[in-house]
Amino acid sequence: MLKQIDLVLSPFDAQKTDNYTEYASKILKISKNRISYIKLVKHSIDARQRDIKVQLRFVVVIDEPNYKPEKIIFDPKNITNSKEVAIIGAGPAGLFAALRLIELGLKPIIFERGQDVLQRKRDIATMYKNNKININSNYCYGEGGAGTFSDGKLYTRSSKRGNVNRILELFYLHGANENILYEAHPHIGSDKLPKVIENIRNRIIEAGGIFHFNTQVVDIIIVKGKIKGLKLSNGSIFKTTNLVLSSGHSAKDVYKMLASKNILLESKDFAMGVRIENPQEIINKIQYHNYPKIELLPAATYNIIQQVNGKGVYSFCMCPGGVIVPASTSENEIVVNGMSASKRNSGFANSGFVCEIKNEDLTEFKKFGVFAGLEFQSHLEQLAFNNGGGGLMAPAQRILDFIQKKKSSDLPISSYISGTHSSEMHNWLPKFMSENISKALQIYGQREKDFINENAIMIGVESRTSSPIRIPRNRETFEHVEIKGLYPCGEGAGYAGGIVSSAIDGMNVAQSIAKTKINNRCNA
Ligand SMILES: Cc1cc2nc3c(=O)[nH]c(=O)nc-3n(C[C@H](O)[C@H](O)[C@H](O)COP(=O)(O)OP(=O)(O)OC[C@H]3O[C@@H](n4cnc5c(N)ncnc54)[C@H](O)[C@@H]3O)c2cc1C
């Protein structure tokens, strides 16, 4: 007999995992010996009240001594000689498309402009040493995509789009900690993600898939409205009739290349702002109400949403115990983002703090048509560079000073290791952004008095929250609305945001391609 039970425990009792069977037997009012199997399937912290509780959900099997839990499996076919599908980009969308393709009997050929994950780590170390961005191997480009050196948060609001659990299972099968399968807010951490990504790559190669790193796709070949091939940075041409375009939203050159071929693109709303950072201790105090046994709880998170002047202003991609990183992809621009290690123990808490941006906010950029948002984004990234301290040194201001519109005479210590440069950010951020961000911070600061403290800092700019462009596709087949064989996919296509939703999109696109192939075979 299988039962599901919920337990609410103190953080102290919840850490005693050896006692779970006993707790369950008490709830079920049966002897411990009758419990054949128990599995934690949900774990969350309820910190709404001072009396913090841990909520646990278990699946319990009773009176079935021979019970064997179902194994999570991934069983790819050998696809060495199968029909090929080209994929641009080895980010979550591209990699999970490849995993699904090999399950469905198709052969992925992946082109990635950046390096494999090991070389990418070295390139990032060199970037810090030289204080200079490597334009093809950085925090956005390279194996694993933008999510590799991240917080590795694996939750998404878009669960309707696909099977979130399957994505978590695949991460787990490739080396992520089992707790991602039951945590309410699972995360992997940038110290663990590179190995997981490497395992995924090895799995794809073992099945017969092929990776080409350090290989940028510079053009796509279209004949009579159909994909025919790719032009690569090494000068060669790769022939293909099926192309998963999962190049992410930092690859502005890809959008420009598509537009130069008159491929239909659409503009969409997006968001930009700054990264804010606080000592983690302050966030723990606020969120956990000065809980005395803080060591029993994970680094606290927050989620701020305010409506200001009819616009959403919100925290984004919060990284508890994390660090702020330079996530630019070109010289002379500053883009910041956040990542954290699995233990989330840096002592800092950072988060994007961004303002919704609609087409009507971009009157000065209207002349760029569909690229208005993209040009505005670049403009802001260049402004951040011009107001920084040179190289990767980012412009920054104490939040207290930003609200009072005064220059910070000095800056608090921050996790951003390339250095911060005092800048009057209210002077160069567009007025509507600066005012909305300031107002939202003030409203939140009134509610949580400690949040805006003398160590709270903002660093600019957080500009790559989501794509300002969508590459329109058919809702059912995922194929581009005009070009046969072109499958826009993931965040860059404007259909996902974050690791999990991009991975789901990759799997959905792979499935659609496989379905088309099977139908074609039947009709042949
Ligand atoms: C520092 C950082 C931290 C983040 N933290 C989180 C987090 O904790 N949780 C979360 O859900 N999301 C996070 N994100 C966002 C998340 O990483 C993205 O939403 C996700 O990676 C998008 O997946 P994708 O596959 O669509 O695109 P990407 O991950 O951007 O991958 C696109 C890939 O395509 C390659 N490419 C681009 N152009 C070409 C070309 N012409 N030829 C060949 N290859 C090309 C790029 O090099 C890149 O590897 C973070 C992002 C960053 C930068």
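Criterion first (within 16 Å of the chain's Cα centre (by Cα) and within 22 Å of residue 303 (Cα to Cα)) does residue 188 satisfy it? Judged against the criteria, residue 188 is a match. So which residues in the range 22-36 are over 22 Å from residue 46 (Cα atoms) and either open to solvent by less than 50 Å² (accessible area, probe 1.4 Å) or outside any helix (DSSP H, G or I) (or both), if there are any at all? Correct list: 25, 28, 29, 30, 31, 35, 36. Please state which one of 231, 195, 224 is of a type outside the set (A, V, I, L, M), under 20 Å from residue 76 (Cβ atoms) and free of Cβ contacts under 8 Å to residues at least 24 places away in the same chain. Matching residue, one of 231, 195, 224: 195. Counting only strands (runs of 3 or more DSSP E) that fall entirely inside the range 293-348 and contain at least 2 residues that are outside the structural domain of residue 431 (by TED's automatic domain parsing), no element qualifies. Restricting attention to the range 92-116, and to residues there that are open to solvent by less than 10 Å² (accessible area, probe 1.4 Å) and more than 10 Å from the ligand (Cβ to nearest atom), which single residue is farthest from the chain's Cα centre (by Cα)? Residue satisfying both the conditions and the ranking: 106.
Taking the range 288-315 as the range and being in contact with a Leu (Cβ under 9 Å, 6 or more places away or on another chain) and closer than 16 Å to residue 444 by Cα as the test, the residues that pass are 304, 306, 313. Within the range 181-188, identify whether any single residue is open to solvent by less than 20 Å² (accessible area, probe 1.4 Å), without any contact (Cβ under 8 Å) to a residue 60 or more places away in the chain and of a type in the set (Val, Ile, Thr), and answer yes or no. No, that holds for no residue.
Here the condition is being touching a residue at least 60 places away in the same chain (Cβ under 8 Å) and within 16 Å of the ligand (Cβ to nearest atom); of 72, 87, it holds for 87 alone. Going by what's in this entry, would residue 62 be described as touching a Pro at 6+ places or on another chain (Cβ under 8 Å) and among the β-branched types (Val, Ile, Thr)? Answer is no for this residue. If you check 461, 500 for being in a helix (DSSP H, G or I), under 22 Å from the mean Cα position of the chain (by Cα) and β-branched (Val, Ile, Thr), only one passes: 500.
Out of the residues in the range 408-417 meeting the condition of being touching a residue at least 40 places away in the same chain (Cβ under 8 Å) and buried (at least 20 other Cβ atoms within 10 Å of the Cβ), tell me which one is farthest from residue 453 (Cα to Cα). Filtering the range 408-417 for residues that are touching a residue at least 40 places away in the same chain (Cβ under 8 Å) and buried (at least 20 other Cβ atoms within 10 Å of the Cβ), the one farthest from residue 453 (Cα to Cα) comes out as 416.
Restricting attention to the range 466-502 and to residues that are among the β-branched types (Val, Ile, Thr) and open to solvent by less than 30 Å² (accessible area, probe 1.4 Å), the residue that is farthest from the ligand (Cβ to nearest atom) turns out to be 483.
Please work out if residue 223 is in the same structural domain as residue 324 (by TED's automatic domain parsing) and at pLDDT 95 or above. Spelling it out, it is not the case that residue 223 is in the same structural domain as residue 324 (by TED's automatic domain parsing) and at pLDDT 95 or above.
So, residue 450, is that one touching a residue at least 24 places away in the same chain (Cβ under 8 Å) and within 16 Å of the ligand (Cβ to nearest atom) or not? So that I can check it myself, show each step before the final result.
Details: touching a residue at least 24 places away in the same chain (Cβ under 8 Å): yes; within 16 Å of the ligand (Cβ to nearest atom): no.
Answer is no for this residue.
For the range 422-433, residues that are more than 12 Å from residue 399 (Cα to Cα) and either in contact with a helix residue (DSSP H, G or I) (Cβ under 7 Å, 6 or more places away or on another chain) or crowded, with 16+ Cβ neighbours inside 10 Å (or both) total 5. Scanning the range 127-147 for residues that are over 18 Å from residue 394 (Cα atoms) and either within 8 Å of the ligand (Cβ to nearest atom) or open to solvent by 20 Å² or more (accessible area, probe 1.4 Å) (or both) turns up 136, 141, 142, 143, 144, 145, 146, 147. Inside the range 464-490, residues that are touching a residue at least 24 places away in the same chain (Cβ under 8 Å), outside any loop (DSSP other than H, G, I, E, B) and within 26 Å of residue 83 (Cα to Cα) make up a count of 5.
In the range 490-498 there is at least one residue matching the filter, namely being under 22 Å from residue 276 (Cβ atoms) and out of contact with any strand residue (DSSP E or B) (no Cβ under 9 Å at 6 or more places or on another chain). Just so you know, in the range 230-270 the residues that are within 15 Å of the ligand (Cβ to nearest atom) and on the phi > 0 side of the Ramachandran plot include one that is surrounded by the fewest Cβ atoms within 10 Å (Cβ to Cβ), and it is 235.
Note on the range 271-293: residues that are open to solvent by less than 10 Å² (accessible area, probe 1.4 Å) and either touching a Lys or Arg at 6+ places or on another chain (Cβ under 7 Å) or among the acidic types (Asp, Glu) (or both) amount to 1. Scanning the range 422-441 for residues that are touching a residue at least 24 places away in the same chain (Cβ under 8 Å), polar (S, T, N, Q) and in contact with a Ser or Thr (Cβ under 9 Å, 6 or more places away or on another chain) yields a total of 2.
Residue 323 falls short on exactly one of the conditions (1) open to solvent by less than 20 Å² (accessible area, probe 1.4 Å); (2) within 13 Å of the ligand (Cβ to nearest atom); (3) touching a Phe, Trp or Tyr at 6+ places or on another chain (Cβ under 7 Å), and that condition is (1). Residues in the range 389-407 that are farther than 11 Å from residue 457 by Cβ, out of contact with any His (no Cβ under 6 Å at 6 or more places or on another chain) and open to solvent by 10 Å² or more (accessible area, probe 1.4 Å): 390, 391, 403, 404, 406, 407.
The values are calculated or read from the model by the stated rules, or taken from the named source; none is laboratory data. Worth saying up front: this structure is predicted, and the values here are computed from it rather than measured. Quick reminder, even Gly has a Cβ in these numbers, built from the backbone with ideal geometry, and neighbours come from all protein chains shown. Just the protein is used for accessible areas: all its heavy atoms, side chains included, with ligands, DNA and RNA removed. Shrake-Rupley method; radii C 1.70, N 1.55, O 1.52, S 1.80 Å.
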